[in-house]
Amino acid sequence: MIKILITKIIHLTQIFKILLTNHRVKAPILVGLSMLCTATVAHAEAEADFGFDFFSPMPSTRIVIYAGKRELLLISDDGSVIRYPIAVPKKGKEWYGETSISGKYVDPDWTPPTSVRADHPELPDLIPGGSPRNPMGSRAITLDQYQVAIHGTTAKMRQSIGSAASYGCIRMRNEDVIDLFERVDVGTPVYMYN
């Protein structure tokens with residue numbers, strides 16, 4: 001895709017030069033071509049930056065998680081993008097690929113998964129929803145990925161946003177996960193990239 005865009009940019013640049021030498025070309029045509037060149041370059045830069053084509057045919061509203069940038073993008077059917085800072089899985093707990101939202105929960109209870117319990121045997125069997133010690137925070141958006149969710153966090157764990165810290169989940173600030181929660185539905189596709 002990038003090669004095609006670069007080819008288009010080269011062709012548009014050549015056309016632009018030819019038109020500049022023709023004194024009969026009106027300014028609006030030159031401005032339009034200039035905008036088209038700029039949009040094409042922006043598309044190529046976005047594709048190169050994130051490693052995939054945002055504008056290829058995909059389901060309308062989707063979540064794209066870019067682990068390397070510690071960023072979750074909500075791309076809406078109208079083309080708008082909302083960016084949220086996140087914490088991603090730590091080394092050895094990473095996952096990549098495609099999944100979807102399987103559930104949405106307000107103030108979810110939390111039972112430590114086996115992998116967390118192995119590292120933290122002192123944890124209780126259950127931390128009720130709404131507890132300030134509940135690592136799920138105010139919302140949980142579960143994924144069709146074994147024991148993985150996009151969720152809020154505790155005040156103590158809030159500082160982990162922007163790092164690789166979780167056991168597989170995507171951690172967000174509570175205010176951000178509440179916003180995301182209201183904008184997505186069960187079945188919304190989720191793509192995780194490095």
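The values are calculated or read from the model by the stated rules, or taken from the named source; none is laboratory data. On a predicted model such as this, the values are computed, not experimentally measured, just so you know. Cβ: placed from backbone, ideal geometry, glycine included. Neighbour counts: every protein chain shown. These accessible areas exclude ligands, DNA and RNA; they are computed on the full protein's heavy atoms, side chains included. Shrake-Rupley method; radii C 1.70, N 1.55, O 1.52, S 1.80 Å.
Give all pairs with beta carbons closer than 7 Å in which a residue from region 97-108 that is on the phi > 0 side of the Ramachandran plot meets a residue that is of a type outside the set (Val, Ile, Thr); count only pairs at least 6 apart in sequence or on separate chains.
Gly97/Met192; Asp107/Gly129; Asp107/Gly130; Asp107/Ser138
Could you give me the residue pairs with C-beta distances under 6 Å whose first residue belongs to region 112-127 and is farther than 20 Å from Glu94 by Cβ, whose second residue is hydroxyl-bearing (Ser, Thr, Tyr) wherever it lies, and which are 6+ apart or on separate chains?
Leu126/Thr111
Yes/no matrix, rows are residues, columns are (1) at negative phi; (2) in contact with an Asp or Glu (Cβ under 9 Å, 6 or more places away or on another chain):
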{"site": "Gly79", "(1), (2)": "no, no"}
{"site": "Lys90", "(1), (2)": "yes, no"}
{"site": "Thr111", "(1), (2)": "yes, yes"}
{"site": "Gly129", "(1), (2)": "yes, yes"}
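Run Val116 past the list (1) at negative phi; (2) modelled with pLDDT of 95 or more; (3) surrounded by 16 or more Cβ atoms within 10 Å (Cβ to Cβ) and report the number of the one that doesn't hold.
In the conditions (1) at negative phi; (2) modelled with pLDDT of 95 or more; (3) surrounded by 16 or more Cβ atoms within 10 Å (Cβ to Cβ), Val116 misses (2) alone.
Looking at region 124-167, which of its residues are open to solvent by 20 Å² or more (accessible area, probe 1.4 Å), over 26 Å from Gly187 (Cβ atoms) and among the hydroxyl-bearing types (Ser, Thr, Tyr)?
Ser131, Ser163, listed by residue number.
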